[in-house]
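The structure appears below as structure tokens.
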Amino acid sequence: MKISIFLFKKLLFSAKSSFLFKVTNIITILSLAFGVASLNIVLSSINGFENSIYDKLSKLNGKSQVNYLFEDEFIPQEIDIEYAFDGIEYIEKQSLVKYKNVSQNIIITGLPKNDFKNFEIFNQVNYLNINKNSVFIGSALAKKLDVSVGDEIALFNSDRLKNISSSERFIFLEVKHIFSSGINEYDDRQIFTTIDTLQEFFNLKSFISGWILFNETNKEIEYPLYEIKIDEKYSILFEWINAQKLPIFFIFSLIAVVSFFGLFSSISILYDERKKHFAIMKSYGTPNKVLSTIFVLQSIFLCLLGSLLGIFFSYMVIFLQEKYRFIAIDENIYFVNYLPMEFSFFNSSLIIVLSILISFLISSISLTSFLKININEVLKN
């Protein structure tokens, strides 16, 4: 092995190497670097985008929610003592709001007054102004209804239209704050109020829908309760994100694979460049194993150098993008106003390992013709 490494160094870095040989090696390294960098940047973008959406939704809804198994049924607040979840009690209902002549189906969530501060979108809210019949409304919904802070919207109770008087079918809620989560689909339907407002209006007494959990719970969740993760609650959104992964990954994987074919050119030129040297070494009894190792080391060296250069370049692009956010995207479509990237040491290491394996495969294929070298014919020419 030491002999192979010594000969590999002498042949690769020989001052007698032709200009074509040196240029081909440089082009091969740069093309590999481009392919690896492209693939790593795309993977980082996909991971960064998915994690960015997950983090944003987690700040809005917690990492998970513990709910009652049966729909339209609610949990007595007293059960909280038994299960002792480290979460926020909440009520969630589908209903309808109306302002002037415009109405809209919405999801209304009721929270304890003192727990609004746990949600990032309410950081600018003066919690002393939160009282019964206060409402926080999404920016997209506010635009659709054409309401401003201080206006009153009507919330309708569709559960017991036959059993209650017309005056009890709706209440007026004062808009105290208009929030923007950055997710248009969320801001278009979501409103918040206090939990006691919903308990009284929907005649829920001391019942709740469940708990919003911002941390993983160690408690065993037993029937009739169940836990729903944030990616399960918004499964359609995350399925859409996952659907984008495969075609994007496939396209840039092809770019990376095409870059690896530059190794064939480099190995072919190495063969032509050093054919006479190899013939002389073989005539002196140098084993095929040594000559084969030189070929493999040539391929692995170029691939490793190109991969490391590509990883470094992709890291710099990811670092600059996260710091300066120079690649902007449409927030109304992608839920964020810039392309989030997240560097992954695991993905980078995996790309390097796969690169080495591919280079080994390419060099092994090339060995078939190389080992059939005709000593007499080469030396004669």
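Quick note: the coordinates plus some simple rules give every number you see, no bench work behind them. Keep in mind the model is a prediction, meaning the values are calculated, not measured. Note that we place each Cβ from the backbone using ideal geometry, even for glycine, and neighbour counts take in every protein chain shown.
A few comments on the model shown:
- Spin-label pair Asn131/Leu304, simplified geometry with 7 Å Cα→Cβ offset, distance in nm: 7.3 nm
- Counting neighbouring beta carbons within 10 Å and listing from fewest to most, the residues Glu342, Glu152 come out as Glu152, Glu342.
- Order of Val149, Val97 - criterion: other Cβ atoms within 10 Å of each residue's Cβ, fewest first: Val149, Val97
- Here the spin labels are modelled as points 7 Å beyond Cα on the Cα-Cβ line, and at Ile236 and Tyr324 they lie 3.9 nm apart.
- For Asp86, Asp151, order by how many other beta-carbon atoms lie within 10 Å, fewest first: Asp86, Asp151
- Once the Cα-Cα distance is subtracted from the 0.36 nm per residue extended length, the Ser364 to Ile248 segment shows a gain of 38.8 nm.
- Summed side-chain charge close to Asp151 - residues other than Asp151 whose Cβ falls under 14 Å, Lys, Arg +1, Asp, Glu -1: +2
- 27 Å Cα-Cα threshold exceeded, pairs from Lys56/Lys219; Lys59/Lys132; Lys59/Lys113; Lys233/Lys323; Lys56/Lys176; Lys100/Lys205: Lys233/Lys323; Lys100/Lys205
- Total formal charge among the other residues, if their Cβ is under 10 angstrom from that of Val125, Lys/Arg +1 and Asp/Glu -1: +2
- Computed FRET value (nearest 0.05) for Ser206 with Lys100, which takes r as the C-beta separation and R₀ as 25 Å: 0.10
- Spin-label pair Met316/Glu120, simplified geometry with 7 Å Cα→Cβ offset, distance in nm: 3.0 nm
- Of the three principal axes defined by the Cα atoms of the stretch 170-225, the extents in descending order read 39, 32, 16 Å.
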